[in-house]
Amino acid sequence: MGCVFCGIVENRLPAHRLYEDEHFIVLLDAFPLRPAHLLVVSRQHAPLFRDLAGGAREGLFAVAERMAAALRTEGYGVDGINLLINDGPASNQHVPHLHLHLIPRRCGDLPALLWRSLTRFLPLGRKRLEAHLQHQAARLRQSLAGGL
């Protein structure tokens with residue numbers, strides 16, 4: 001099947017895309033840990049952070065900052081946002097293609113986060129989750145279109 005993120009970058013696989021530039025695409029995680037969990041995905045197939053081209057590496061956190069602002073504008077991550085790169089198999093990297101997670105947090109959400117981390121890949125409630133993803137994508141696209 002190949003790399004799922006390369007498939008998304010090349011428009012061969014569907015995703016809830018929110019933003020694109022020359023180095024990255026931003027999408028909603030299909031298996032979110034928390035509502036509006038975003039991924040900043042490198043257009044370049046770079047398995048590890050060290051493999052990412054210099055220009056992209058320099059711009060990664062600028063994109064993350066813009067996405068964090070959009071999340072907060074829409075009420076996600078107002079209490080905090082985890083920025084996470086799993087860099088290599090031992091770090092729980094499921095897809096060997098560089099991506100940065102932005103996981104919106106709320107005070108007191110740790111039990112829900114832990115439960116979701118254990119159950120996120122189960123197919124339970126997939127239709128309902130897809131409806132939530134569509135709603136979140138529409139809200140975030142609107143914020144980004146507003147100049148964030």
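Loop-located GluC sites (Glu not before Pro) across the range 1-59 with a Cβ neighbour count of 12 or fewer within 10 Å are E10, E22, with loop assigned by DSSP.
Shown here: Rg/Rh (Cα atoms, Kirkwood Rh), derived from the displayed model; of the candidates (i) 1.13; (ii) 0.94; (iii) 1.53, it corresponds to (ii).
Along the range 122-133 the Karplus relation, 6.51 cos²θ - 1.76 cosθ + 1.60 evaluated at θ = phi - 60°, assigns HN-Hα couplings of 7, x, 5, x, 5, 5, 5, 4, 4, 5, 5, 4 Hz to successive residues, with x for each Gly and Pro. When both the range 10-64 and the range 83-104 are represented by their alpha-carbon centers, they are found 11 Å apart.
No value in this document is a laboratory result; all are computed from the given coordinates. Please read all numbers here as calculations on a predicted model, not as lab measurements. As a convention, Cβ positions derive from the backbone with ideal geometry for all residues, glycine included, and neighbour counts pool all protein chains shown.
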